[in-house]
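Everything on this sheet refers to the single structure shown next.
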Amino acid sequence: MNTINAEDLVKEKHVVKVGNLAIGGRDLVVIAGPCAIESYDQLLQTATSIKRSGANILRGGAYKPRTSPYSFRGKGEEGLRILKEVKELTGLPVITEVMDARQIENIAEVADMLQIGSRNMQNFTLLTEVGKLKLPVLLKRGLAATIEEWLFAAEYILSEGNDKVVLCERGIRTFETYTRNTLDVVAIPAVKELSGLPVILDPSHGTGKRTLVSPAAMAGIAAGADGLIIEVHPNPEEALSDGPQSLDLEQFEQFMNRLDRVAETFGRSL
Ligand code: PEP
Ligand code: MN
């Protein structure tokens, strides 16, 4: 029997504050930075440049969920220390992924927003734990999750008392293999019909290919996304994770110029 009841979903429009920023208002919020924090220089160089280009929040993973345990899995606590220093130097708010409830305490000391990754979208104990915090949470759509499953995962956080939830469409697994995932752009207006939560788009994981990031992002803005999360690396060829989908610093600057014009067309501002 299907026990899902769409009437249980939050309908009231939510605008989620991250520092001085508001996600879900007229202004688009752009989160940018490397997939993984690799070094102090890498993160500082990226942060300084994306800030100049107009990004609002710095991303960078210290704990990385990787398909193979032999791949680079992030710098852990050292990564968090680097993130803290770069945050203080640049003044940018920061987001980083929490993979396990045991990491929450350390991460919450530095992060302005927590990221729950696709692979953990239905980790109900983790959702319950972040639901007890006051920190904003970015909840990515699961690799093979329906829109309903995603929205009910968000309810796990809301039902514990944390109403600062932002959804992130990042593509789903389909028979298509040319792109890393199949970006479900229509999920953005669909979620907005069903729920009051803000939605942002991740065209980096959604496509897996640098050349497709900009067109996918612009489609997302046209579809009503409240912001974007973009992977940026000073030298994508040498990146320890997700290089092929990362923009370099100059490409990101050009991307932001284009986004500015597209945003205006759709009644949004940067
Ligand atoms: C990421 O943002 O680097 C990431 C691992 O994303 P996802 O959970 O969407 O795969
Ligand atoms: Mn990544």
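Across the chain, Cα pairs under 8 Å and at least six residues apart give a relative contact order of 21 percent. Let me check against my output: what whole-number percent is the relative contact order of region 68-180, with C-alpha pairs under 8 Å and at least 6 apart? RCO, region 68-180: 20 percent. Aspartates and glutamates near K134 by alpha-carbon distance under 17 Å, same-chain residues fewer than 8 away left out - which ones? Those aspartates and glutamates meeting the cut-off are E97, E105, E109, D112, E155, E160, D163. Compared with the direct C-alpha span, the chain from E160 to R52 gains 35.1 nm at full extension, assuming 0.36 nm per residue. Note on E85 and K17: with the Förster distance fixed at 22 Å, the Cβ-Cβ geometry gives a FRET efficiency of about 0.35.
Where a ≥ b ≥ c are the square roots of the eigenvalues of the C-alpha gyration tensor, would you call region 1-125 rounded, which needs a/c under 1.5, or, failing that, prolate if a/b is larger than b/c, or oblate? Oblate shape, in that a/c is at least 1.5 and b/c is the bigger or equal ratio.
With only the Cα atoms considered, region 22-265 has a convex hull volume of 116 Å³ per residue. Quick check on region 110-213: take the gyration tensor over C-alpha atoms, sort the square-rooted eigenvalues as a ≥ b ≥ c, and tell me if it's rounded (a/c under 1.5), prolate or oblate. The shape class here is prolate. Highest-first packing order for the peptide set 194-202, 43-51 is 194-202, 43-51, based on the mean count of other beta carbon atoms within 10 Å.
Here the accessible area of region 1-141 is 47 percent carbon and sulfur, with a 1.4 angstrom probe and all protein chains present. Taking Cβ atoms as reference points and 15 Å as the exclusive limit, the residues near M121 contribute a net charge of -4, counting Lys and Arg as +1 and Asp and Glu as -1.
The GluC sites (Glu not before Pro) of region 1-53 meeting both criteria, a DSSP state outside H, G, I, E and B (loop) and at most 16 other C-beta atoms within 10 angstrom of the site's C-beta, are E12. For the options Y63, Y40, Y178, a Gaussian network treatment of the chain with springs between C-alpha atoms closer than 10 Å singles out Y178 as fluctuating the most. Just list whichever of K87/K140; K87/K164; K75/K192; K132/K209 have alpha carbons separated by over 32 Å in the model shown. Check vs 32 Å cut-off fails for K75/K192; K132/K209.
Once both labels are positioned 7 Å from their Cα atoms along Cα-to-Cβ, the gap between F266 and Y70 label points is 4.2 nm. In the context of the full set of protein chains, residues of the chain present 45 Å² of accessible surface per residue (probe radius 1.4 Å, heavy atoms only). Within the accessible surface of region 208-270, defined with a 1.4 Å probe on protein heavy atoms only, the carbon and sulfur portion equals 47 percent.
The values are calculated or read from the model by the stated rules, or taken from the named source; none is laboratory data. Because the structure is a prediction, the values reported are computed rather than measured. Note that each Cβ is placed from the backbone with ideal geometry, even for glycine, and that neighbours are counted across all protein chains shown. Areas reflect the complete protein model, heavy atoms only, side chains present, ligands, DNA and RNA absent. Shrake-Rupley method; radii C 1.70, N 1.55, O 1.52, S 1.80 Å.
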